[in-house]
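Visitor: Right, I'll just put the structure down here and ask away after.
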Amino acid sequence: MGSGTNDFFIDAISYTTTKCYSNTCGAGYTARILSGNALPLSTSDYNGVDDYTNISGSPDGRFARFENSGAWAILNLPFTIPAGQQYSLVWRPVDYTGVASSTMSVEESDGSSWGPSKTLTPFYGESPLFITETVTATQNTNRLRIRRQSGSDHFHLDGLVFNVLTCLPPPPVLNVSGNYEYCGSQTLIAPELTVTDTADQVIDAAYVQIENGFQAGQDILEITPAFGISQTYIPAYGLLILKGPATASQFQSVLRTLAYSNNNSDPDTGNRAIIISFERYNPSTGHYYRYVPTIRLMWHEARLNADRAHLFGAQGYLVTIGSAGENEFLRSQMAGGAVWIGASDFYSAEGDWQWVTGPEEGTSFWLGDENGTPMGYANWDDGEPNNDNDQDFCHFLTDGTWDDNGYGIGSGIWRPDGFYVEFGGMPGDPVLDIHGTVNINIITGRPPSPVITGPDTVCPGATGVVYSTPYVPGHNYSWEVTGGTFTVGPGTNSITVDWGIINPGIVKVTESIGGSCQITTADYTVFIGDTAPPVITGVIPATTLEGCDVSAAPAAVTSVAELETMGISISDNCTPDASLIITHSDLPSGSCQIVITRTYTITDAANNYSTVTHTINIDDTTPPSLTGVFPTGQTDMDLCYADIPAGPTESEIAALYTDNCG
């Protein structure tokens, strides 16, 4: 500060350099320097470490204290450090317990398994300053576990720094399209999706989102998990998130299982446009967006991490928002508190809110305080921006409104729990083809579900037989009949059939709506034939006749009409009465009386028959009559018994009588 000048404050020094290095990558690969720090931790990522979240972000003098025996913390990295390249731990040994040295150990993980523990260089005594311990990665590393070694003194860990050279393969190409119809059951919507990637590179995530026509509470997206790829569906926004890591070919296999379903039995009709991508794609901007859920990152740290991010070679930046549609698009993945966005008035005059990142860098969108003037799209919360305690950085609240915040972290709904990285529009970005769109048309509130009702047994030559399926307005019906002909109703939900005589008959119906949304029933088999005998109701009462022999029995009848005059009724399901054949047989027994059991057999055209019996009783109930004269004898009482003449014999007496039966 020169003599005689006013006081001033220095916040930081910013610089940009161009680094020259040899491109040791193979043909088609692009060399890139990756820089980064440890990302914030979750509660499952530490044990016995005090102030563990201070390890997050760039080294800034805040530190976590490893003061408990066996204490450890896991550091998550935004990139993978290739095996053989270096990273640095910023730490300070503390002489607290009086033991000789402070010693860290480190374990490295590629996200699937942990490597062996490596003991780092012990530091004897206490360091008044933070020092750097540089480590060479022994494997591809995106997670580290830092542990206080047994017998070690205390130490403080501020953060992690890495600058590594990596070789980026050409971006993958995702190709998917198609138009599908939803017919009421889960439908595959990307069975022919392809991912072309000669390097079969490891990909962290894929996203599926219903862009147009989405119906919250109805639409469902899901995949069949495999290769360690997990899924999370956010039903309020129709967003399916697939998390790896997995190779491009493995993501291809899993994405081909992508299916749409609807949990409403009468869903809202219309088209759903579904976007599949390797980063969330917004068709209104043509850009990709990455939500990074983190805690305890300040705005400048979020900006730094966003600037370091890349998407298959495309440069990332802290998100800018140019429309209400883009603003709403960002809400779908947010969880917890607010997120940092790329707006600030720190680098301009107070109240001149500008986008300070990405292609819109330096563009003003608001002038003034809460009563200011919009210069572009803005969505401030009520009473914002108010510059309370010199608030110069913008964050995006969970309800979609904006708030100005200070250099610190904040709390409650104003606590930033992450940030959005936007990709697109930066100079030198490669052309990315990592998204595609499929359409599924929900063409009916009620899916086709035909069920045939009608007789499954008919007589040969039956006519006017009705078959139907429930009617749904707007649906079409196509019938097929084998063994008979339509007489009325084809094209509707019911038909009338005239059957032939060849067994079996078959009925099928296809219910449809749209071009491919149709269901055909299985064969409805109809038995054409007659296995039922004639039905006889009632009994023929017995008949008793005066007679001397079977010739007294009445003649047997030969028609249904005559039989029915005898007290019974006769019917047949297929043969008319006039065509039923009547036969009989007589079985006599006894001589006086004579009982004749007459059995009538009624036979239909299919030779099914039934029988009924008629009992005929023939009896002689008329006594003989005297037609002769007995001879007159003497009456002289003086005769001796021996002188009485002999009387008539039995045969002589019988000859005096006559009988109707002889």
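Laboratory data are not the source of any read-out in this text; all were calculated from the coordinates shown. Everything numeric here is computed off the predicted structure, so don't read it as measured data. Backbone-built Cβ (ideal geometry, glycine too); neighbour counts: all protein chains shown.
Visitor: Once every DSSP H run of n ≥ 4 in the chain is given -39500 (n - 2.57) and the sum is divided by its residues, what mean residue ellipticity at 222 nm do you get, rounded to the nearest 500 deg cm²/dmol?
Guide: Theoretical 222 nm ellipticity from helices: -1500 deg cm²/dmol.
Visitor: Work out, step by step, the length gained on full extension between Leu188 and Ser117: first 0.36 nm times the residue separation, then minus their alpha carbon distance; give nm to one decimal.
Guide: Length gained, Leu188 through Ser117: 21.0 nm.
Visitor: Which FRET efficiency value, to the nearest 0.05, do you get for Ile519 and Ser177 by plugging their Cβ-Cβ distance into 1/(1 + (r/R0)^6) with R0 = 22 Å?
Guide: Rounded to the nearest 0.05, the efficiency is 0.25.
Visitor: Right, here's the next one. Given 0.36 nm per residue, what is the gain on full extension from Arg415 to Gln215 after removing their alpha carbon distance, in nm?
Guide: Between Arg415 and Gln215, full extension yields 68.9 nm more.
Visitor: Let me ask something else about it. Roughly what would the spin-label model give for Thr487 and Ser651, points 7 Å off Cα along C-beta, in nm?
Guide: 8.0 nm
Visitor: On to the next question. How far is helix 299-308 tilted, in degrees, relative to the longest principal axis of the Cα atoms in the chain, given as a value from 0 to 90 rounded to the nearest 10?
Guide: With rounding to tens, the tilt is 80 degrees.
Visitor: Further, regarding this structure: With the crude spin-label approximation of a point 7 Å out along Cα→Cβ, what separation in nm comes out for Thr363 versus Ile131?
Guide: 5.0 nm
Visitor: Now for a separate question. Apply 1/(1 + (r/R0)^6) to the Cβ-Cβ distance of Phe227 and Asp433, taking R0 = 22 Å, and write down the FRET efficiency to the nearest 0.05.
Guide: Plugging the Cβ-Cβ distance into 1/(1 + (r/R0)^6) gives 0.45.
Visitor: What percent antiparallel are the DSSP beta bridges of the chain, to the nearest 5?
Guide: In the chain, DSSP labels about 90 percent of beta bridges as antiparallel.
Visitor: Could you tell me which of rounded, prolate or oblate describes region 457-528, using a ≥ b ≥ c as the square roots of the eigenvalues of the alpha-carbon gyration tensor, with rounded for a/c under 1.5 and, failing that, prolate when a/b is larger than b/c and oblate otherwise? Each step should come with its number before you reach the end.
Guide: Numbers: a/c = 2.87, a/b = 1.97, b/c = 1.46.
Because a/c hits 1.5 or more and a/b exceeds b/c, region 457-528 counts as prolate.
Visitor: Now for a separate question. Taking the structure as given and computing log10 I(q)/I(0) by the Debye sum over Cα atoms at q = 0.06, 0.07, 0.10 Å⁻¹, which label from (i) -0.40, -0.54, -1.04; (ii) -0.59, -0.69, -1.05; (iii) -0.46, -0.59, -0.97 fits?
Guide: For log10 I(q)/I(0) by the Debye sum over Cα atoms at q = 0.06, 0.07, 0.10 Å⁻¹, the calculated option is (ii).
Visitor: What is the distance, in nm, between label points placed 7 Å from the Cα along the Cα-to-Cβ direction at Ser265 and at Phe346?
Guide: Label-label distance for Ser265 and Phe346, simple model: 5.8 nm.
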